[in-house]
Each structure stands twice: as structure tokens, then as C-alpha cells.
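First up is the structure itself, then whatever we jot down about it.
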Amino acid sequence: MPKSIALALLSVASVGFADVVAPKTFSGLFTPVAYDERRSLSIDRSNFTYAASGINSGVLQLETSLVEYLQDDKIPGVDGQLKQFAFGTATLRMGILDNFEMKTTVGSYVSARFKDGAGNVTKDNGLGDTLFEARYTFVGNGGEAVGVAFMPYVKLPTNTLQLYNDEVEGGAQLPITWTIDEHFAWCFAPGFDLNYNGQIDSDYDANPFFATAFWATAIPETLFLFNEWYVKKDTGRGKDDLLSYVGVGGVWIVTRDFGIDFGVNFGLSESAPDLYCRTGITYRF
């Protein structure tokens, strides 16, 4: 399974569109913003294209996965099929400053089933990795039409699964958001993953990627839909592969502090899983 998808099971991208049109606010280190001055709920789930906007200082936000399903019917270099369910990924976002936040993601419980070409079945169950991320927003939290942020991350190999590796990995991306009008927004997030390549030289490879998504307002302040495209150079199996897929989904803002996300991705390249579906919930404290 491509490592970017394993990371994707831990963390996915931001809503951002509802966020960039809110009033501008300021606060110091861990200083809470008045409740009625908080920016609109922004959710780092459902798609892979992060936005520049973040949460307010002093805010805690819990984003959890209810269920995720991944299926890959043709894995490059392996004659077999992979089916995988994941439950309960939990991400805690902490607003440090009004333009800086920290995120901790605890890997979900994963149940995987691999069937090789001869019909032999191998099962793998356990917990995923732990992810530490940060977002520094240069511009975009105060209602600007264009937003820019920097997001580094580090993955710690806390998993108990044979499918995942036991190496520390990391990376970074530069999310850019453009609010076109009150109905549409565009997100572009180039970056790189620093992946361990143990099949050739036991070294790390910097695999560049980019993700782009268009967001549309289906119901103002309530329902936002997206479509996206993701492309990455993937050397996770010891050779240069191109991982590419398209996705659709959205976010339903149920209340000011509660939202539901959903998304489906379809693989375009041989390296990408054929199908990846997920849904989750978010609550802001």
C-alpha cells in the first residue's frame, strides 16, 4: 500500500472555503477569542488538499474518523488484492496563536485482508502511526481573497501492522487558497513527502506531490462540496511510480461547532488504490 495512502488514513485536507470569509481577529499565545468572534468551522478532513486557513488561538478541535474503506485490486509488483477497513482515527487540533496551530493524530484501528494470486489470504489487524503537524498561516485567516500557509509534519512509527513500515518519515506542503467569489474557491497544495525506501538503498527519498481542489457552496454556511486531483512521485516500493487519483466529497456544517465530512477517491494510476471512501465527524470546543 502506498505510504501516502497510509498517511492519508491518518489525516486528510481542510475545508478552508467557509473559513476565509470570516471577520479578522487577533489574539496572543493560547488566548481564547470571544466565542462570537471565532472564524467559521474549518475541518482538516474529507479531502487531501489542505487550505491555508486554520483555527483560532485557544481553540481545541477534535476530528474523528467513523469508518474508512480502501480497496486495491492490482498492486504493482504484487499479484493480489487488498481490502482494508479503518475505524476511529482521532486528530486533536490546538490553536497556539491566531495564525499558528499544532495537530496530533493518533492512528486508527486497521483491519486489512490481502488475497494473493493463488487464493491465499493474509489478515493484518492493529493500530496505525502517530502524526504531528503544524500550520503557520501567513495570510488568509482574516477574510483575504488569497491565503498562504506552511505545513510541516513528522510521522512516528507507532503502528502494529505489517503493512506499514517502522521508520520515522516527514514532509511539508505550502497550501494556497483563492476565494473566487461567494460560491467557489480553489485550493492548491504543492509539497513533498520524505519517505523511507528500504528496498533499494535503505535511504530516504523526497517525493514531490501536488493536490488541487475546487470547492462549491451547495447551501450557504451549511453544505460545501469539492472535487480534487492528487499526483505524487512514489518510490515506496523501490521504483519510481506515479500515484494519481481524483476525489469528490464535501462537508456538512451541522452547527457552529459540529460538522460531518465525507469523501470518495478513485485511483487513476496503477500505484493508487482503486477506491478509498471515508466519513467522519468534527467537534470544536
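Every read-out reported here was derived from the displayed coordinates using simple, explicitly stated rules and does not represent laboratory data. Fair warning: this is a prediction, and the values are worked out from it, not measured in the lab.
Per-residue ellipticity at 222 nm, computed for the chain from helices alone with -39500 (n - 2.57) per DSSP H run of at least four residues, works out to -500 deg cm²/dmol. Among the listed pairs K103/K123; K74/K115; K103/K232; K74/K123, a Cα-Cα separation exceeding 20 Å is found for K103/K123; K103/K232. For segment 76-190, with equal point scatterers placed on the C-alpha atoms only and solvent neglected, what are the log10 I(q)/I(0) values from the Debye formula at q = 0.20, 0.24 1/Å, to two decimals? For segment 76-190 at q = 0.20, 0.24 Å⁻¹, log10 I(q)/I(0) is -1.06, -1.24. Convex hull volume of the C-alpha atoms in the chain, normalised per residue: 107 Å³. Taking amide hydrogens as placed 1.01 Å from N in the peptide plane, the amide H of N56 sits under 5 Å from those of R39, each at least 5 positions away in sequence or on another chain. Karplus-derived 3J(HN,Hα) values for segment 87-94, using 6.51 cos²θ - 1.76 cosθ + 1.60 with θ = phi - 60°, are 9, x, 4, 10, 10, 10, 9, 10 Hz; glycine and proline are entered as x. Would you give the gap between the C-alpha center of segment 107-139 and the C-alpha center of segment 142-160, rounded to a whole Å? Cα centres, segment 107-139 to segment 142-160: 19 Å.
Structure remark: mean-square fluctuation, Gaussian network model of the chain, C-alpha springs under 10 Å; the largest value among N47, N195, N120 belongs to N120.
The string of couplings for segment 116-124 from the Karplus curve (6.51, -1.76, 1.60, θ = phi - 60°) is 7, x, 8, x, 6, 10, 10, 10, 9 Hz, one whole number per residue in order, with x for Gly and Pro. Return a whole-number percent for the relative contact order of the chain, with Cα pairs under 8 Å and 6 or more residues apart as the contact set. Contact order relative to length: 18 percent.
Build a GNM of the chain with springs between Cα atoms under 10 Å apart, and of D129, D203, D36 the one that fluctuates most is D36.
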